[in-house]
Structure formats: C-alpha cells, structure tokens
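Following: one structure in structure tokens, then a few remarks.
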Amino acid sequence: MIPTVEWKNGLVNILDQSLLPEKVEVLVCHDYQTVVEAISNLRVRGAPAIGVTAAMGLALGGQSIHVSSFEEFQREFHVMCDSMSDARPTAVNLFWAIDRMKRVLLHRKEESLSSLQQQLIHEAQTILEEDIQMNQAIGDFGAKLITDGQTILTHCNAGALATAGYGTALGVIRSAWKTKKGIRVIADETRPVLQGARLTAWELQQDGIPVTLITDNAAGALMQQGRIHVCIVGADRIAANGDVVNKIGTYSVAVLAKVHGIPFYVAAPSSTIDVTMASGQDIPIEQRSSTEVTTLHSGRSIAPEGIDVLNPAFDMTPAEYITGIITNRGVVAPHTIATMVS
Ligand code: MRU
C-alpha cells in the first residue's frame, strides 16, 4: 500500500484520501502551506496521521527558511507552527507534533541553520516511525481481546490511512487476523464524509480481511440481532478522566453497545491523550462545512437550498461507556488513562 505520508526527495508526499477509493493519487507538497491545506481539506486525516503530516510539513517549511540568525529562524519557524495549528482543532496529535517540532530548536542556538534543518527532518521521521511502532504495540495488546469467530464493528477510519501505518482500531484487527482468528469486520459508512465506506472498506479489502459495509443507521439493528460481538474505534483526543472524542456517531455506537452488553473499546496511541483536558466536555469540537451534509460526494445536492445545517465532525463518549482503552503501553480502564502518557 502507498504510505499515508512520507518524506521523499526532500518533499512531502501525501496519499490524497479525499479521492479514494476512485483514484489513488499522491499529492507532492513543495511547501508547508500545501500541507496545511491538505490537512484542512481531509486529503490526509485521522488523528495520528494529522500529527505525523504536520511534523513533515514543518520539516519542509524549515528547509525554506533562509536567514542569518537563529532568532530569525525560530521566529519564521514559529509562524509556520501557528499556521499549522490552525489546520484543524480537535485531534490533539496535531498540537503534540507541533510541540515536538518546536522543541527541536531548544538548546540548539549555537548550531548552523543547515544543522537545524536536518534535525527537523530527523524529528519528523522519528515521529513517523514511532507512530508505526505504537500502532503495532496497540495491535498486539488489542488482539488478545478478540476471540476466534468474532464480528467487530468499527466506526470511521482508524486504519493505516489514519496513521503513519498499520492503524489503531484496524491495527488491532490486523493483528487478530494475523494470528489466524476467523474474524469479520462491520464498517459503519460514517456520514457525512464516509471514511468508513471510502477508506475502511477499501483498506480492509486490500488486505483481504473480511469486511461488510453498513449504513450508520443499521448498527443498532445488527446489535439487537446478536450479530456484533465487539466494537473498536479510534480517538482524536482522550481527556484525563477517560472521556473520548472521536468521529461523529461514535457516541451513538457506544450507547448502543452498552444497551446490548457489547464490549466497546477505544484504540489510541499515547500521543492522543491530553491530560490538560480534565474532561471530554473541554475538548473543542470541529464544526465543518454544511456542504458535507447537503451534497453527496459527487457534488449532487440532497437538501433544499438554504437549509440550516449542523455539522459537528466529532462527538464525546463519556468514560462510563468505554470498556477499555487499548494503548501502546497496554489496555487500561478509561479513568486510569493518564498513567499511559509518555
Ligand atoms: O475527520 P477525520 O477523518 O480526521 O476523523 C478521524 C477520526 O475520527 C478517527 O477515528 C480518529 O482520528 C482516530 S484515527 C486512528
């Protein structure tokens, strides 16, 4: 599979997810502004992938700074960081990665500008590699929770496409599949942008993992019929009390799972935990354009002109609905999540 994001020939390559599954196209970014645009417009999306891509974009931006002092370099770099942090508000991985990139400049006042530029590339690459390792660890811990023959419901896309590779929720599914467990995945289509239909279904199909696509509205009926044994989703930000913000519709799945006595797990790396947020209520929820709701992907209108629309991109699932959080350091009860922070 083409990597979600990579540093190649001094540029940032992004697999353009807004075109999937119809077209598999790589966006070659020559400047950091193109990377900001790609994050804002969901060409690359998913919390860990947003963080990794932001780091790559800032490394790219750093290469274009031609000044004569460390102070000027840092000033210009921080302007780029501010612009990057405006790309999207909810996934904390964006701000976590920007902070890591800023910290590269700490205590390097005496180094040459070309050395700073190299260090920025090195840090972005490290963030990417660490993300893949964290996902594999999540996969290994999570696979132990899955038993042979289970059907797993997932929402949105928390796969290789949403990370630097392997995936979080889909990482658990990949690891379970590798251990020859006869599993099946039910993918919620995930309105309005259809990350489940366009990305999760595509990604799992590519890997030959059995997957069935459903409308979001069908999840409750399938649970009622006993056809879903476990739910696993990703996260965009986890608060100190274990509340989880993830793609809109996650809360509905969690409530349904609780009513039907189905385990509901969240899979996320430590870079998604934000202990500065006491509870999920404090986490900013992105509101996206009304056209995502009023038009189909083809551009065709499905609502009357001028209709009032609400389009929150994420919702908050309180800790009490979550059976466990699968992290790169182990599986924990939501209220103990703060102990998993690096
Ligand atoms: O709007 P998106 O596509 O960026 O939302 C993505 C999600 O909500 C994912 O479930 C989350 O980021 C976890 S990805 C491992």
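Bear in mind these aren't lab numbers, they're just calculated from the coordinates by the rules spelled out. Since this is a predicted model, take the numbers as computed values, not measurements. Glycine gets a Cβ as well: all are built from the backbone with ideal geometry, and neighbour counts include every protein chain shown.
Ignoring aspartates and glutamates fewer than eight residues from Lys180 along the same chain, the ones with Cα atoms less than 16 angstrom from its Cα are Asp140, Asp148, Asp207. The relative contact order of the chain, computed from alpha carbon pairs under 8 Å that lie at least 6 residues apart in sequence, is 16 percent. For the chain, modelled as a GNM whose springs connect Cα atoms under 10 angstrom apart, the maximal fluctuation among Ile232, Ile325, Ile302 occurs at Ile302.
Starting from the Cα of Thr151, move 7 Å in the Cα-to-Cβ direction to define the label point; list residues of the stretch 191-226 whose amide nitrogen is under 15 Å from there. Only 210-226 pass the distance filter. The charge dipole of the chain, taken about the Cα centre with unit charges on the Cβ atoms of Lys, Arg (+1) and Asp, Glu (-1), comes to about 1020 debye, rounded to the nearest 20.
Size descriptors for the stretch 36-126 (Cα atoms only): Rg and Dmax, in that order, 12.6, 38 Å. How high is the relative contact order of the stretch 124-168, in percent, counting Cα pairs under 8 Å that sit 6 or more residues apart? About 52 percent, as a whole number. About its Cα centre, the stretch 5-135 has a charge dipole of approximately 140 debye under the convention of +1 per Lys or Arg Cβ and -1 per Asp or Glu Cβ, with nothing else charged. Taken along the Cα-to-beta-carbon direction at a fixed 7 Å, the label points for Ser114 and Thr212 span 6.1 nm.
Helices of the chain meeting both criteria, an alpha-carbon length of 20 angstrom or more along the long axis and an average Kyte-Doolittle score not below 0.0, with helices taken as full DSSP H segments, are 47-63. Taking Gly171, Gly196, Gly306 in turn, the Gaussian network model of the chain (Cα-Cα springs below 10 Å) assigns the largest fluctuation to Gly306. Average 1/r across all pairs of distinct alpha carbons in the chain, invert it, and you get the Kirkwood radius: 20.3 Å. Ordering Ser270, Ser114 from the fewest to the most neighbouring beta carbons within 10 Å gives Ser114, Ser270.
Measuring r between the beta carbons of His30 and Lys181 and using R0 = 30 Å, the FRET efficiency lands at 0.10.
Using a cut-off of 32 Å between Cα atoms, the listed pairs Lys8/Lys247; Lys102/Lys144; Lys8/Lys102; Lys102/Lys258; Lys8/Lys181 include Lys102/Lys144; Lys102/Lys258; Lys8/Lys181 as exceeding that distance.
Taking Val233, Val67, Val275 in turn, the Gaussian network model of the chain (Cα-Cα springs below 10 Å) assigns the largest fluctuation to Val67.
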